[in-house]
Every structure is written in C-alpha cells, then in structure tokens.
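The values are calculated or read from the model by the stated rules, or taken from the named source; none is laboratory data. Please read all numbers here as calculations on a predicted model, not as lab measurements. Cβ sites come from the backbone with ideal geometry, for glycine too, and all protein chains shown count toward neighbours.
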Amino acid sequence: MKRHFVSVFGILLLVAIMLLAGCAKKEAPAQPAAQATTTPAATTSTPAPAATAYKDGIYYAVDDAFGSSGWKEVVTLEVRNGVITDVDWNAVNINGGADKKTYDKAGKYNMVAYGKAQAEWYQQAEKAEAYLLKTQDPSKITYTNDAGNTDDIAGVSIHVKAMFELAKKALAAGPVGKGPLADGAYFAIDDTYPSSGWKEYVSLTVVNGRIAAVNWSAVNKTGDDKKPYDKAGKYQMVARGKAQAEWYQQAEKAEAYLIATQDPAKIKYTSAEGNTDDIAGVSIHVKAMFDLAKEALAAGPVALGKYADGGYYAIDSEFANGWKGFASVLVHNGNIVNVYWSALNEAGDDKKVFDMAGKYQMVARGKAQSEWYEQAALAEAYLLSTQDTKKITFKDEAGHTDDIAGVSIHIGDFYALVDRAFAAGVKKY
C-alpha cells in the first residue's frame, strides 16, 4: 500500500514537472513580444503631417487676357501656418478703373436687376471663397459644364472655374508677396489739347499692390474716346498713315509692357517725341502714356463716381449771336474727368481757338475782366470740382452766377448743354 502511494505520487510529480516545462516554453517569447510592441508605440506618438501644407505667404495669379465681358479675373491667397487663411477673387476691367468687387458693391454691376440672378456677383464670389477656405484645395470641386458652373456651393450660380484654376496657378507658382502700390483705381489726363486734337489719359487698376490693368486712350473736343473710336474704324492709322498696326493695337502692346515691368520709369526712348525700341511692334509715341502713368501713381487712388463711363456731347440746334454752343464731357471710373465748352460760328471756327487767337476781344471791346476763353475754362474747372450740374446757383435767367470767382459771363447755357449731353447718353461709334 505504501509502495503504491509512492508510485502514484511519483507519477503526479512527473506530470507536474512536464506541465511546468510546457508552460515555460509557451511563455518564453513574452519578453521579445513586449519589445516588439515598444517601437510602434513610439512611432504613433509623432503627429502625422497635414494632407496639404502650403508655404506661408501671399499668392497671386491673374488671367492672361480680358474676356468677352471686358473683365480679367484675379485671385489673391494668403497662407499662414500652412493653411489658406484668406481668398480674394476679383477682376479688373479692360478700361481700368475700379475693380469688379468695388464696382459691384457700388451698385453698378447689377446682376440681380439686369440678369435676374439670385444674388449679386460679389456675394456669390464670397461663397466661392469660403468654399476654398473650407476645402483648402482648389482641385476639390466638380463642374456641371465647361463654362465652370458647379452644384458644390449652395447659392452660387456664376461660373467659378476661373477662381479655382487661378488659385491652382497661384499656389503652384509659390508665394510672391504684396506689391509696393496701394490697391485701387488711378487716373491722369493731359492738361491741354495738343495739335493732334487728342488729349491723352491713362487709367490704372492695382490689385495686391500690382498694376493689373492699364487703359491708355485720349479724348477730343467733341467727346470721342480714341480707343473705341479707333476700334470702330474711324481713326485709320494703317490706311491713312501706312502704320504697321492701328493705334489701339499698338497702345495695347504698350499697356502690356507696363504691366510686365510694373514701373513706368523702366523704358527708354529713341526720340524726344517718345518713340521706343523697347516694345516690339510699337512705332507710335508712347512717352505720354508712361508719363501719365507716373503722374497717376504719384497722385494716389481715386474714388468711384456716380456716372456711366464714356464720352458725352451736345450742341445747340441754332446759332445765337453768330455762335452755336456745344459741350463735351468725358466720364471715367464714374467721374467727370474732362469738360470742353465752346461754340462754332457759321465758318466752323471754334470759339475758344478763335478767342485765343485774339479775334473775339471781349476785354478790349466789352471791358470784360478777362477773355471769354479764360472765363469758360474757369466754368469747366468748377464743374470738374463739383462733379454735379446741380451744384451751382444762378442769380438771373440769363445764367449769371456768383459761385465762380472771375466769371462774369452767363454760363447757364453751358450747364444746360452738359445736362443735355448726359440725357443723350454715352456716344456710340
């Protein structure tokens, strides 16, 4: 009995030893396994990089050409800490002047009134900008047609493709910073009419501190704007002067040169008249354009006015005292920028020119305080300063006023002509 118990105990002891040995074999890899999990834990503690991280700075891109609407679109982006924090989608006009957002906010684009749109352009543009800020990727949008409409942005029915494509272009090019100029519209015009009869002017639009649009043109005494006048086939520099291209075509090359150089001082002239070899395909005098651009930039941005841009003209239907009065007005960026008041006699003489040649002689013959052309110039300057034909008081039915120092002639007919010119609308070519 005792021997049997010892045998049984021995067997149990052997089984216990075997079980302990088996457990030891199974648990042996425990230490290496613990070491294997240590390395991945250290790796996951480092934050993963953002899916899209941009270099900090200001990005900018502009369309290569003006569209059929006359607007060229521009996009400016700002990136901070690798994230797009600001988007400005805008446009500049072929005629210069105010940018599209400023123009639209002033009630001059009127997409709701004229096109039955659900919201004004600038309001829809703001929604598109917000969408890009949210997605942080100009590729993350789908279009419903080639024109660039989308269903991805609620409340937006305008074409948005240009904005997203320009944003791609800007981001691909890298940060460029902000230019040295103040954003806004700039304008300058010659003081007098030269022998050619065309008084030149320049209009600039600056976005993100850079010149984005330039319009160089001129106005004559009857209110014709040279560039549209030329495009209508009325200047004919090729047919009449054997030029290599029409005036407006050469003017556009000069404008493009200024946009490329961003500095009206960066040009050399080959003659005192202002010819240059710096711009291929341009044989006209360009000095006036670059000098006026300097003057405009030095003067600073100008505000948007209330009138419709273009040339205006009115002339009396009959002669009075041998003269038929006329007045012309040029409006640019909504402001009256040029006024010409004169008259024609039956021989076709311009009263101002006639007077300046000493043939009218209001001082010598009528004991006036100054010649007619000098007083007429003061009346023109007064209208330019007030910008409104209603901002004057007349003291009699003849149209005399005490509002303009140095003017004793009656100017009521001048103001009436300007009102008629505005009522007739912008000149068509």
Seminar exercise, completed: Checked pairs for the range 303-314, first under 16 Å from residue 99 (Cα atoms), second at pLDDT 95 or above and among the acidic types (Asp, Glu), C-beta under 6 Å and 6 or more apart or across chains, list as none
Problem set entry | Meets criteria (surrounded by 11 or more Cβ atoms within 10 Å (Cβ to Cβ), under 30 Å from residue 235 (Cα atoms) and over 41 Å from the mean Cα position of the chain (by Cα)) for residue 414 | no
Exercise. Within the range 176-193, can you find the residues that are more than 16 Å from residue 290 (Cβ to Cβ) and of a type in the set (Asp, Glu)?
Worked result: 183, 191
Problem set entry | In the range 298-312, the residues that are surrounded by 13 or more Cβ atoms within 10 Å (Cβ to Cβ) and in a loop (DSSP other than H, G, I, E, B) | 301, 304, 305, 306, 307, 309
Exercise. Here are 359, 367, 306: which of them is closer than 25 Å to residue 419 by Cβ and basic (Lys, Arg)?
Worked result: 306
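Table: residues versus (1) under 35 Å from the mean Cα position of the chain (by Cα); (2) assigned to a loop (DSSP other than H, G, I, E, B); (3) under 18 Å from residue 193 (Cβ atoms).
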residue: 280; (1), (2), (3): yes, yes, no
residue: 314; (1), (2), (3): yes, no, no
residue: 365; (1), (2), (3): no, no, no
residue: 374; (1), (2), (3): no, no, yes
Exercise. In the range 323-343, is there at least one residue being assigned to a loop (DSSP other than H, G, I, E, B) and surrounded by fewer than 17 Cβ atoms within 10 Å (Cβ to Cβ)?
Worked result: no
Exercise. Would you say residue 224 is touching a Lys or Arg at 6+ places or on another chain (Cβ under 7 Å), buried (at least 22 other Cβ atoms within 10 Å of the Cβ) and touching a residue at least 24 places away in the same chain (Cβ under 8 Å)?
Worked result: yes
Exercise. With respect to residue 295, is the statement that it is farther than 24 Å from residue 74 by Cα, assigned to a helix (DSSP H, G or I) and of a type in the set (D, E, K, R) true?
Worked result: yes
Exercise. Can you tell me which residues in the range 119-148 are surrounded by fewer than 17 Cβ atoms within 10 Å (Cβ to Cβ) and over 21 Å from residue 170 (Cα atoms)?
Worked result: 119, 144, 145, 146
For this session: Tally the residues that are touching a Ser or Thr at 6+ places or on another chain (Cβ under 7 Å) and part of a loop (DSSP other than H, G, I, E, B), restricting the search to the range 196-222.
Result: 3
Exercise. Regarding residue 340, is this residue assigned by TED's automatic domain parsing to the domain that holds residue 325 and either in contact with a Phe, Trp or Tyr (Cβ under 7 Å, 6 or more places away or on another chain) or in contact (Cβ under 8 Å) with a residue 40 or more places away in the chain (or both)?
Worked result: yes
Problem set entry | Within the range 197-209, considering residues that are within 10 Å of the chain's Cα centre (by Cα) and of a type outside the set (S, T, N, Q), the one nearest to residue 250 (Cα to Cα) | 204
Exercise. Got at least one residue in the range 171-178 being touching a residue at least 24 places away in the same chain (Cβ under 8 Å), more than 28 Å from residue 301 (Cα to Cα) and surrounded by 15 or more Cβ atoms within 10 Å (Cβ to Cβ)?
Worked result: yes
Exercise. Given the residues 162, 147, 188, 154, which is the only one that is small (Gly, Ala, Ser) and in the same structural domain as residue 225 (by TED's automatic domain parsing)?
Worked result: 188
Exercise. If you take the residues in the range 158-170 that are in contact (Cβ under 8 Å) with a residue 40 or more places away in the chain and crowded, with 17+ Cβ neighbours inside 10 Å, which one is farthest from residue 115 (Cα to Cα)?
Worked result: 170
Exercise. In the set 200, 252, which member is crowded, with 18+ Cβ neighbours inside 10 Å, of a type in the set (Asp, Glu) and free of Cβ contacts under 8 Å to residues at least 40 places away in the same chain?
Worked result: 252
